[in-house]
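Worksheet for the structure shown next.
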Amino acid sequence: MTAQPVDTAARERLRRWTLVLGGGTADGTEHPLAGRDAAMDGTLSALYGKGDGPREGRERGAGLGASAPSVARWLGDVRTYFPSSVVQVMQRDAIERLGLSALLLEPEMLEAVEPDVHLVGTLLSLGKAMPETTRETARAVVRKVVADLEKRLATRTRAVLGGALDRGARVRRPRHHDIDWNRTIAANLRHYLPDRRTVVPERLLGHGRAARSVRKEVVLCVDQSGSMAASVVYASVFGAVLASMRAVSTRLVVFDTAVADLTDRLDDPVDVLFGTRLGGGTDINRALAYCQSRITRPSETVVVLISDLYEGGIRDEMLRRVAEMKASGVQFVALLALSDEGAPAYDHEHAAALAALGTPAFACTPDLFPEVMAAAVEKRPLPIPDTS
């Protein structure tokens with residue numbers, strides 16, 4: 001008789017189901033875990049297993065417990081068995097489910113974690129509770145995340161927004177010494193005369209003085225309440241990128257019930273982030289009042305409000321300020337979040353009120369943000385994502 005071939009695909013499916021269901025005697029698969037799979041299952045059970053962890057309402061089991069050494073070992077196991085994207089999710093769940101924030105105050109713990117945007121938000125929320133012995137390690141973690149984000153976002157932001165600024169700076173009837181001959185020739189190639197071996201420039205494009213006269217003003221007004229942590233991180237990085245562009249004057253304002261202007265720190269987004277204080281209430285009206293008072297050229301200004309719109313200040317005044325800014329020529333953009341976290345929670349009533357003023361509020365991913373800013377600069381409809 002010929003031996004039946006082993007169905008490797010079916011075996012792999014069984015293995016995965018066993019890991020999902022827990023690998024215990026009651027999982028129904030009758031497939032025991034051994035070796036690396038058993039170790040992976042133990043790592044998952046420490047976080048997600050029944051009765052594990054010190055959360056109230058659970059029995060104390062074989063979870064992570066509350067000791068730094070056991071958590072450090074667990075973090076090492078996670079990084080051994082899972083890819084970086086999964087590690088970040090599991091770290092976030094461990095912090096939220098098992099209340100491990102306090103352990104992040106220890107430098108040894110920070111050195112063991114996988115840095116990501118959510119970890120930065122957690123560190124910033126610890127604020128003054130962080131001892132000096134941990135602060136430098138925390139800054140190193142934050143700096144690594146910021147550097148990775150800048151590498152991912154900066155080039156595309158400068159290219160997309162720079163193109164929009166460049167198009168706005170072009171002059172259709174430039175003086176002779178302001179003509180941009182490279183662009184002019186490229187724009188008129190269809191008018192090439194072969195017999196004369198020349199291009200007839202029916203349309204002249206200029207640069208120089210005009211480019212300096214259309215310098216745009218961008219105001220990022222960012223809610224730093226606890227739910228906006230990821231948005232604060234991304235806004236700080238984008239603020240630094242925008243501040244590095246000569247054709248843009250950038251102001252970064254963060255707020256809760258107080259308002260802080262962090263514009264003078266934009267050369268280093270890490271300093272910006274450590275200048276924030278996540279948590280507290282929200283007074284959007286007060287923040288917009290400050291931003292409005294700093295606008296000197298409304299028709300050349302873009303104000304970007306990044307907030308979940310849970311207003312603790314004076315609602316009617318907030319809406320009046322938005323209407324006044326728009327009437328004066330300001331391009332006003334309302335983002336419910338600037339992150340990759342999916343649909344955010346937000347105040348639907350205030351979002352509807354802004355939409356009635358001609359300012360739809362929507363969540364924006366970091367990858368979409370350059371297009372949103374380019375559209376605002378060029379005063380064309382914003383690329384609002386379809387959430388239906």
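The values are calculated or read from the model by the stated rules, or taken from the named source; none is laboratory data. Here the structure is a predicted model, which means the values were calculated and not measured. Cβ sites come from the backbone with ideal geometry, for glycine too, and all protein chains shown count toward neighbours.
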Checking the conditions here, which among THR276, THR301 is modelled with pLDDT under 95 and either over 20 Å from MET228 (Cα atoms) or of a type in the set (S, T, N, Q) (or both)? THR276
Hits in segment 143-160 (condition: of a type in the set (A, V, I, L, M, F, W, C) and under 26 Å from PHE274 (Cβ atoms)): VAL145, VAL146, ALA147, LEU149, LEU153, ALA154
May I ask you to list the residues in segment 71-98 that are of a type outside the set (D, E, K, R) and surrounded by fewer than 16 Cβ atoms within 10 Å (Cβ to Cβ)? GLY76, THR80, PRO83, SER84, SER85, VAL86, VAL89
Residue under evaluation GLN331, criteria (1) farther than 25 Å from VAL237 by Cβ; (2) surrounded by 18 or more Cβ atoms within 10 Å (Cβ to Cβ); (3) at pLDDT 95 or above; (4) of a type outside the set (Phe, Trp, Tyr), criterion not met: (1)
Only one of (1) modelled with pLDDT of 85 or more; (2) surrounded by fewer than 18 Cβ atoms within 10 Å (Cβ to Cβ) fails for ALA240. Which number is that? (2)
State whether the residues of segment 344-359 include one that is in a loop (DSSP other than H, G, I, E, B) and either within 24 Å of LEU165 (Cβ to Cβ) or not assigned by TED's automatic domain parsing to the domain that holds VAL233 (or both). yes
Could you please give the count of residues in segment 111-129 that are part of a loop (DSSP other than H, G, I, E, B) and hydrophobic (A, V, I, L, M, F, W, C)? 1
Quick check on segment 287-299. Is at least one of its residues more than 30 Å from ALA140 (Cβ to Cβ), touching a strand residue (DSSP E or B) at 6+ places or on another chain (Cβ under 6 Å), surrounded by 20 or more Cβ atoms within 10 Å (Cβ to Cβ) and assigned by TED's automatic domain parsing to the domain that holds ARG320? yes
Any residue at all in segment 307-317 that's assigned by TED's automatic domain parsing to the domain that holds VAL160, at positive phi and outside any helix (DSSP H, G or I)? yes
Just to verify a result, which residue in segment 267-287, among those that are under 28 Å from ALA154 (Cβ atoms) and in contact (Cβ under 8 Å) with a residue 60 or more places away in the chain, is farthest from the chain's Cα centre (by Cα)? ALA287
May I ask you to verify whether VAL219 is touching a Lys or Arg at 6+ places or on another chain (Cβ under 7 Å), at pLDDT 85 or above, under 23 Å from ARG380 (Cα atoms) and in the same structural domain as SER244 (by TED's automatic domain parsing)? yes
With the structure loaded, tell me whether ALA361 is closer than 16 Å to ALA235 by Cα, crowded, with 21+ Cβ neighbours inside 10 Å and touching a residue at least 12 places away in the same chain (Cβ under 8 Å) or whether it fails that test. no
Given the criteria surrounded by 15 or more Cβ atoms within 10 Å (Cβ to Cβ) and either of a type in the set (D, E, K, R) or not assigned by TED's automatic domain parsing to the domain that holds VAL241 (or both), does PRO115 qualify? yes
Looking at (1) surrounded by fewer than 20 Cβ atoms within 10 Å (Cβ to Cβ); (2) modelled with pLDDT of 95 or more, find the lone condition where ALA345 falls short. (2)
Working carefully through the options VAL322, VAL330, VAL303, find the one that is within 19 Å of the chain's Cα centre (by Cα) and in the same structural domain as ARG251 (by TED's automatic domain parsing). VAL303
